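Reviewing the structure listed below.
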Amino acid sequence: SEGLRRLVRRLRPDVILNAAAYTAVDKAEDDEATAMRINGEAPGVLAQEALATDALLVHYSTDYVFDGSAKRPYVESDPTAPVSVYGRSKLMGEQAIAATGGRWLVFRTSWVYAPRGGNFPRTMLRLACERDALKVVADQFGAPTCARLIADVTTQAVARAADESAQGRFESGIYHLTASGSTSWHGLACAVIEGARER
């Protein structure tokens, strides 16, 4: 954490975008210390340094801070109840940021995908090429969200935060940043594979 502090103090940014995270949900169960350090403690350090340098901190969190039992989309004011190490670590990060004060925005995202990097749609496409059949759960629902949408909304939010800060009316807060609609993992896999066949 001292290296992180030194970096922020040296750069003195106006905005800190923290997209770094320990995202291996299953592995976090066996490596809780690392998940807590990266997802829980590091955001708190960034929040402290953002406060000290009057920077805006934008941090990305997850729907895993909830237990997943709701029958409707979660709203920001719903009580959190993570059931995994990953979810607890991300909630710890949110709480550390909020406790520090300063100017911050936390965006909770879900089922993030992009044309590059490791994500569910890319994995399904790879497996569809390697196997004759795939088994994908159909009882877990979420809102697949493109990384580009997250980037576009973040850009607009940062600009608005700068305007509101200049006018003395900026308020920190937690916001859900997901695409509209929902599907199951099975539904998403089918849509990705069908989309690839149509090309």
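The values are calculated or read from the model by the stated rules, or taken from the named source; none is laboratory data. Treat the numbers as computed from the prediction; the structure is a model and nothing was measured. Note that each Cβ is placed from the backbone with ideal geometry, even for glycine, and that neighbours are counted across all protein chains shown. Side chains are part of the model used for accessible areas, which takes the heavy atoms of the whole protein and leaves out ligands, DNA and RNA. Shrake-Rupley method; radii C 1.70, N 1.55, O 1.52, S 1.80 Å.
A few points about this structure:
- Accessible area of the chain belonging to carbon and sulfur atoms, whole % at 1.4 Å probe: 51
- Separation of the R5 and C146 label points, Cα + 7 Å toward Cβ, nm: 4.2
- Solvent-accessible area of H186 with every protein chain in place, 1.4 Å probe, in Å² to the nearest 10: 80
- Cα gyration tensor, region 51-199 - rounded (a/c under 1.5), prolate or oblate: prolate
- Whole-number percent relative contact order across the chain, with pairs defined as alpha carbons under 8 Å at least 6 apart: 21
- Among beta bridges identified by DSSP and lying wholly in the chain, the antiparallel ones come to about 10 percent.
- Of the DSSP H helices in the chain, those whose Cα atoms cover at least 18 Å axially and whose Kyte score averages 0.5 or more: none
- Fluctuation leader among L11, L56, L149 - the chain, Gaussian network, Cα springs under 10 angstrom: L11
- Cα gyration tensor, region 128-199 - rounded (a/c under 1.5), prolate or oblate: prolate
- Solvent exposure of region 45-193 amounts to 55 Å² per residue of accessible area, where only protein heavy atoms count and the probe is 1.4 Å.
- Accessible-area ranking of C190, C129, largest first, probe 1.4 Å: C129, C190
- Contour minus Cα-Cα distance for A133 and R116 (0.36 nm per residue): 3.7 nm
- Residue-averaged [θ]222 nm for the chain, counting only DSSP H segments that reach four residues, each worth -39500 (n - 2.57): -14000 deg cm²/dmol
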